[in-house]
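Note sheet for the following structure.
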Number of protein chains: 2
Amino acid sequence: MKIQIVRDVLEANDQLADSIRGEAKKLGFTLINIMSSPGSGKTSLLESVIPELKKKGIRLAVIEGDITTTADAERIAILDIPVAQINTEPFGGDCHLGAEVIIPALQKFDLANLDLVFIENVGNLVCPAEFDTGADYNFVVISTTEGEDKPLKYPLMFRVCDTAIINKIDLLPYLDIDINKLKKNISQINPKINLMSCSAKTGENIPGIAQFIFNLVK
Amino acid sequence: MKIQIVRDVLEANDQLADSIRGEAKKLGFTLINIMSSPGSGKTSLLESVIPELKKKGIRLAVIEGDITTTADAERIAILDIPVAQINTEPFGGDCHLGAEVIIPALQKFDLANLDLVFIENVGNLVCPAEFDTGADYNFVVISTTEGEDKPLKYPLMFRVCDTAIINKIDLLPYLDIDINKLKKNISQINPKINLMSCSAKTGENIPGIAQFIFNLVK
C-alpha cells in the first residue's frame, strides 16, 4: 500500500516534468537543474557564470529552492535578472524540488523572452536526485572539501546528472584530497558525464563553463 | 490520506526510538547520533576522538549509516572497535536512518559491555533531522567550508541537536567565512546548543571534545 502511493507520487511527478520539458521546447528556453550538498557553491557558481552568459547575450532567470530564507535569491537578484524563490517549508520542509513547485515558479517569468532558466535545488546530495524537475539538463556541483568518496557513496546523484562540476579548486593546496581520484570515482559511476572543475571564488575555468552552458542553450 | 500515513510512520518511529532509549538506560550505555552534510567530517571526527575516549577507558562501538559502500566502516574498524554498517540502498536508498534500522544494528553488539555507541548518520543536513534514532544526544557537524548561512537555511537540524561542532577550522585562513557569524547563526536558531569548534585533521580542540563526550556517558 505504501509502495503504491510512493509510485503514484513519482509517476505524477514524471508527467508534470515531461509537460515542463514540452513547454520549454515550445517556448524555446532551456532549463538546467543544479544540485549539490549544502555549501558546495551552487549560488557562487551562478554568481560567477551568469555575468559571462549575459555578456554572450543570453536572457536568463533563476528559480531558487530553499527550505526557508530568501538569502540566495537576494544574492542572485543583484545580478539584475528575474528570480523566483521557492520555500519548501510550507510543504513540510521538503528536502527536494518536485516538478509541481517548478511550474508555478516558471509562471512568474516572461518565458517567451527567456533563453535559459537555472533551478538551484535544495542543498542535498540524496533526495533531489530522485525527483525529475522537468529540466533539460541536470548538473551536480561537488566541492573539493567533500572528499574523493562522495560519488561512490551517493551514486544516484551522479547517475542522473549530465554534468559534474568540481568547485573550490583554489583550496586544493590545503586539502588532502586527490582530485584525480575524485574524477575517477565520478567517471566510474557515470562514464558519460561531462566533468569540469573550477573555482567560483577566483573565477578559474568559469569562462569555459559559461561557454559549455552557452552551447546547451536551444 | 497521504498525511495520515506520514504521521503513522513518524509515530511508529518515535515509539521505536523511545524503546531504544529505554534499553540504553537499562543496559547502561549512551547513544550519540552524529549528523551533517556529506563531507563535513563526521568520520574524521570519529577517527580523531575515538582514540582519546579509549584512553579514558570508554568501551565503545559505532553504527555506520550510508546509502551504499562500507568505506566509512572500514576506516572505523581500523581503530579496533566493533562497527555495524547499515546500508539503506536495499530500503530504497533512504536518505536518513530511522529507529527501525538502528535496533538490528545495536543487536550486533555486546551492549552490556559497552559505555557508548556512536551513530554516524547518512550525510544529509535535511532528512535525518526529522527521524528520531533513539539516541540520547544529537550532534551536528558543520564544516567551515559550508558558509555562515547554513543554520538559517537548514534550521530543523540545528533545532533538534544538543551540540554543534564546527569542523575544519584549519582551513579558516583560506576561506572568506566569518566564523563568529556562523556561531551567531547557530545560536540564533538554537540558543541552548553546545557549540564547539575543531580540526579533526590537525587535532585542534579534539581533547576538549573528547572530554565533553566523556562527561555525557552514563
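A few remarks follow.
- One residue alone among A:Thr88, A:Thr70, A:Thr43 is at pLDDT 95 or above, in contact with a strand residue (DSSP E or B) (Cβ under 8 Å, 6 or more places away or on another chain) and within 14 Å of another protein chain (Cβ to nearest Cβ), and that residue is A:Thr43.
- Near pairs, Cβ below 8 angstrom, 6+ apart or cross-chain, from segment A:112-125 (among the charged types (D, E, K, R)) to any residue that is surrounded by fewer than 21 Cβ atoms within 10 Å (Cβ to Cβ): A:Asp115/A:Gly28; A:Asp115/A:Thr30; A:Asp115/A:Ile58; A:Asp115/A:Arg59; A:Asp115/A:Val217; A:Asp115/A:Lys218
- Selection within segment A:172-214 - more than 18 Å from A:Leu46 (Cβ to Cβ), assigned to a helix (DSSP H, G or I) and of a type in the set (S, T, N, Q): A:Asn180, A:Asn185, A:Ser187, A:Gln188
- Qualifying positions in segment A:126-135 - in a loop (DSSP other than H, G, I, E, B) and without any contact (Cβ under 8 Å) to a residue 40 or more places away in the chain: A:Val126
- A:Glu23 vs. criteria farther than 29 Å from B:Thr144 by Cβ, away from chain B (no Cβ under 13 Å) and modelled with pLDDT of 95 or more: yes
- Exactly one residue out of B:Thr43, B:Thr88 is within 25 Å of B:Pro151 (Cβ to Cβ) and either out of contact with any Phe, Trp or Tyr (no Cβ under 8 Å at 6 or more places or on another chain) or surrounded by fewer than 20 Cβ atoms within 10 Å (Cβ to Cβ) (or both): that is B:Thr43.
- Exactly one residue out of A:Asp14, A:Asp66, A:Asp8 is among the acidic types (Asp, Glu), surrounded by fewer than 16 Cβ atoms within 10 Å (Cβ to Cβ) and touching an Asp or Glu at 6+ places or on another chain (Cβ under 8 Å): that is A:Asp14.
- Just one of the listed residues (B:Asn205, B:Asn138, B:Asn185, B:Asn194) is within 14 Å of chain A (Cβ to nearest Cβ) and either touching a residue at least 12 places away in the same chain (Cβ under 8 Å) or touching a Leu at 6+ places or on another chain (Cβ under 8 Å) (or both), and it is B:Asn185.
- Residue selected from segment B:152-172 under the condition closer than 21 Å to A:Glu89 by Cα and at the interface with chain A (Cβ under 10 Å from one of its Cβ atoms), by the criterion surrounded by the most Cβ atoms within 10 Å (Cβ to Cβ): B:Tyr154
- Looking at B:Leu171, B:Leu216, just one residue is of a type outside the set (Asp, Glu) and touching an Asp or Glu at 6+ places or on another chain (Cβ under 9 Å), and that residue is B:Leu216.
- Screening the candidates B:Tyr154, B:Tyr137 for the property of being farther than 30 Å from B:Lys26 by Cα and either in contact with a strand residue (DSSP E or B) (Cβ under 7 Å, 6 or more places away or on another chain) or aromatic (Phe, Trp, Tyr) (or both) yields one hit, B:Tyr154.
- Which numbered condition A:Val122 fails, given (1) out of contact with any Pro (no Cβ under 7 Å at 6 or more places or on another chain); (2) under 27 Å from A:Arg59 (Cβ atoms): (1)
- Residue among B:Val83, B:Val101 that alone is farther than 18 Å from A:Cys127 by Cα, touching a strand residue (DSSP E or B) at 6+ places or on another chain (Cβ under 7 Å) and at pLDDT 95 or above: B:Val83
- Annotation: B:Pro104 fulfils all but one of (1) farther than 23 Å from B:Ser36 by Cβ; (2) in contact (Cβ under 8 Å) with a residue 12 or more places away in the chain; the unmet one is (2).
- Condition check for A:Ile177: facing another protein chain (nearest Cβ under 10 Å), under 24 Å from B:Asn167 (Cβ atoms) and buried (at least 17 other Cβ atoms within 10 Å of the Cβ): yes
- Only one of the numbered conditions (1) within 24 Å of A:Thr88 (Cβ to Cβ); (2) surrounded by 24 or more Cβ atoms within 10 Å (Cβ to Cβ) is not met by A:Lys108, and that is (2).
The values are calculated or read from the model by the stated rules, or taken from the named source; none is laboratory data. Since this is a predicted model, take the numbers as computed values, not measurements. Neighbour counts are summed over all protein chains in view; Cβ atoms, including those assigned to glycine, are modelled from backbone coordinates with ideal geometry.
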